[in-house]
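Inspection log for the structure reproduced underneath, given as structure tokens.
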Amino acid sequence: MPRKFTPKVVTANHLLEGDVIYLTAKGTWSRRLEDAALYTEEAEANERLNFAATQADILVGAYLADAQAGPDGPEPTHFRETFRTRGPSNYAHGKQVEL
């Protein structure tokens, strides 16, 4: 039996900088999960993932990540995605400097 579709965001890594990026409702990319579009329909999520796949000059490794609606935008539902929102783990740079 197929699994029930759960809400998703489209995420990838920026090709040149390596930062985690998220697809927004406007079709642009943001480094903030809160800016991401949250897809509740499987067909739309797959369509947006296919859109991401056409942008090999901007990103690598696009995929659909589980998320849920939060007061400020999408929030991760899995540890891996929570970890990715915090930036590189080897030393303070990128998002970690801002925190």
For the stretch 25-44 the number of residues that are open to solvent by 60 Å² or more (accessible area, probe 1.4 Å) and within 16 Å of Glu81 (Cβ to Cβ) is 4
Expected output for the stretch 1-22 (first residue under 15 Å from Tyr63 (Cα atoms), partner part of a strand (DSSP E or B) and of a type in the set (Asp, Glu), Cβ below 6 Å, 6+ apart or cross-chain) is Thr6/Asp66
Of the residues in the stretch 48-62, those that are of a type outside the set (A, V, I, L, M) and either loosely packed, with under 12 Cβ neighbours inside 10 Å or within 15 Å of Glu17 (Cβ to Cβ) (or both) come to Asn50, Thr54, Gln55, Asp57, Gly61
Being closer than 19 Å to Phe83 by Cα and not in a strand (DSSP E or B) narrows Glu47, Glu17 down to just Glu17
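The values are calculated or read from the model by the stated rules, or taken from the named source; none is laboratory data. The shown structure was predicted, so the numbers you read here are calculated from the model rather than taken from an experiment. Neighbour counts run over all protein chains shown; Cβ positions are idealised from the backbone, glycine included. All accessible areas refer to the heavy atoms of the entire protein, side chains included, with ligands and DNA or RNA removed. Shrake-Rupley method; radii C 1.70, N 1.55, O 1.52, S 1.80 Å.
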